[in-house]
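Following: one structure in structure tokens, then a few remarks.
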Amino acid sequence: MNTAERIYYEVKCLPDGLADRVLDFVLFLEQRHEVGKAIQETDTEQGDIPVLDTREWRFNREQANAR
């Protein structure tokens, strides 16, 4: 199990409110480290997973902390 699969496994067990916080944190890390995509296309058994393009997203720390 690679890191992304482990994160998915852990997050899918969380309530939606906490999973939203994890997503906010991931988007924050992408912006801070200038990563282009939250989910990169991979050759997996689940080929129907949508690819999320976040290159134009900007993380707002105040909005995330308000949740």
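Read-outs throughout are calculated quantities, based only on the coordinates presented, and are distinct from any laboratory measurement. Since this is a predicted model, take the numbers as computed values, not measurements. A quick note on method: Cβ atoms are made from the backbone with ideal geometry, for glycine too, and the neighbour counts reach across all protein chains shown.
Details
- Neighbours of Val11, meaning other residues whose beta-carbon lies under 13 angstrom from its beta-carbon, give a summed charge of -2 when Lys and Arg score +1 and Asp and Glu score -1.
- Between Ile7 and Leu29, residue separation times 0.36 nm minus the direct Cα-Cα distance comes to 6.5 nm.
- Annotation: extensible slack from Asp20 through Phe59 equals 12.7 nm (criterion: 0.36 nm per residue apart, minus Cα-Cα distance).
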